[in-house]
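Below is one structure; the comments refer to it alone.
The values are calculated or read from the model by the stated rules, or taken from the named source; none is laboratory data. This is a predicted model, so every value here is computed, not measured. Cβ placement follows ideal geometry from the backbone for every residue including glycine, while neighbour counts extend to all protein chains displayed. All accessible areas refer to the heavy atoms of the entire protein, side chains included, with ligands and DNA or RNA removed. Shrake-Rupley method; radii C 1.70, N 1.55, O 1.52, S 1.80 Å.
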Amino acid sequence: MPEIRSIGVIGLGAMGAGIAQLAIEAGYETVGREVTVELGQAAADRIGHFLTRKVEKGQLEQGHRDAAVHRLMVTGELEALADCDLVIEAIVEELEPKRALFAELDRICRPDAILATNTSALSVTEIAAATTRPERVVGMHFFNPAPLMPLIEVVQAELTSDDAMEVAAAVGARFGKEVVRCHDTPGFIVNRVLIPLLNDCLRVLDEARVTPEALDLALTNGAGWPMGPCALVDLVGIDVHVHAAEALYARSRDPRMAPPARVVSMKDAGLLGRKSGRGFYTYD
Ligand SMILES: NC(=O)c1ccc[n+]([C@@H]2O[C@H](COP(=O)([O-])OP(=O)(O)OC[C@H]3O[C@@H](n4cnc5c(N)ncnc54)[C@H](O)[C@@H]3O)[C@@H](O)[C@H]2O)c1
């Protein structure tokens, strides 16, 4: 199994910045690529700020924080990832931009480098097929927020080698995560179960004529959920949920995957949950 020393992270948005933070905290030399250096620097500043908060809370020593921040280099150039042993992609959830990026990475990165995608709902196999090394392409599906959520699904696409799976799982473990391996089917494990379940919950709002508060109260008290479904969809983002549900519906043709009309309308109206200040609930 090749040793991983340096990690590239592409897209330093909600997920990529969290993944880059995990990588530097785990001791990897890390190159983060955004569309511009300015966006990359803004993400690096956010990561530095999170690590400072960990120091203030007594969860991290100042020296370790400074060393971690030092391990992160941000760039706007894809070529800067040429020497990375593992590249984790976390750009927009659309197939064609991901396939174009993987074709570029295939050209730029060493032949033995492993390329991972953090896609939630797309086919890892289709992304891998844009490269000449599908055996070295793997899914590494993190959960939001990546630094806090303990799970990574490591996904074996049709042609992914066992060796690439081992490497991705070993890196996930060094990030301090629980790693579960699975095959490349729509939604993998968690979203395969959670997306239709949340859709069912949201349909019940209209069917049983209950308020979001009542539905959340029912599921937290009657089913032991740590958080009600409406609060959870608000946290995930109404747009993110609709997008994932539509992508999984397109691949699975399972009607339970299709987003209920009510949340599609909310998305269209800009009611996106916590991030927009209003979803099922209102936030300050
Ligand atoms: N948000 C979630 O809950 C969640 C959870 C698990 C997985 N994911 C997956 O992670 C990926 C990223 O999602 P996100 O929520 O972080 O999105 P985001 O919109 O917050 O971040 C995407 C970032 O990628 C950058 N970007 C776009 N194209 C790029 C390119 N070619 N090179 C470099 N940077 C580029 C954008 O500027 C943006 O900052 C998606 O595939 C998504 O499905 C998201």
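Structural remarks
- When ASP216 is tested against (1) open to solvent by 20 Å² or more (accessible area, probe 1.4 Å); (2) more than 30 Å from VAL138 (Cβ to Cβ), only condition (1) is not met.
- Restricting the search to helices (runs of 4 or more DSSP H) fully inside the range 18-113 and requiring at least 1 residues that are acidic (Asp, Glu) and under 19 Å from GLY139 (Cα atoms) gives 95-108.
- The set of residues in the range 117-155 that are open to solvent by 30 Å² or more (accessible area, probe 1.4 Å) and in a loop (DSSP other than H, G, I, E, B) comprises SER120, ALA129, THR132, ASN144, PRO145, PRO147, LEU148, MET149, PRO150.
- Which numbered condition ASN144 fails, given (1) modelled with pLDDT of 95 or more; (2) within 18 Å of the chain's Cα centre (by Cα): (1)
- Flag if ALA82 is among the aliphatic types (A, V, I, L, M) and either away from the ligand (no atom under 14 Å from the Cβ) or surrounded by fewer than 13 Cβ atoms within 10 Å (Cβ to Cβ) (or both): yes
- Cβ-Cβ distances below 9 Å connect the following pairs, each with a first residue in the range 101-127 that is closer than 15 Å to LEU81 by Cα, a second residue that is open to solvent by 40 Å² or more (accessible area, probe 1.4 Å) and near the ligand (Cβ under 9 Å from one of its atoms), and a separation of six or more residues or different chains: LEU101/ILE91.
- Considering LEU159, LEU205, the condition of being among the hydrophobic types (A, V, I, L, M, F, W, C) and open to solvent by 70 Å² or more (accessible area, probe 1.4 Å) is satisfied by LEU159 alone.
- Contact map, the range 8-20: residues that are over 18 Å from ALA67 (Cα atoms) paired with residues that are near the ligand (Cβ under 6 Å from one of its atoms) and among the polar types (S, T, N, Q), Cβ distance under 7 Å, separation 6+ or inter-chain. Pairs shown: ALA14/ASN144; MET15/ASN118; MET15/ASN144.
- Some residue of the range 38-53 being open to solvent by 40 Å² or more (accessible area, probe 1.4 Å) and either among the β-branched types (Val, Ile, Thr) or in contact (Cβ under 8 Å) with a residue 40 or more places away in the chain (or both): yes
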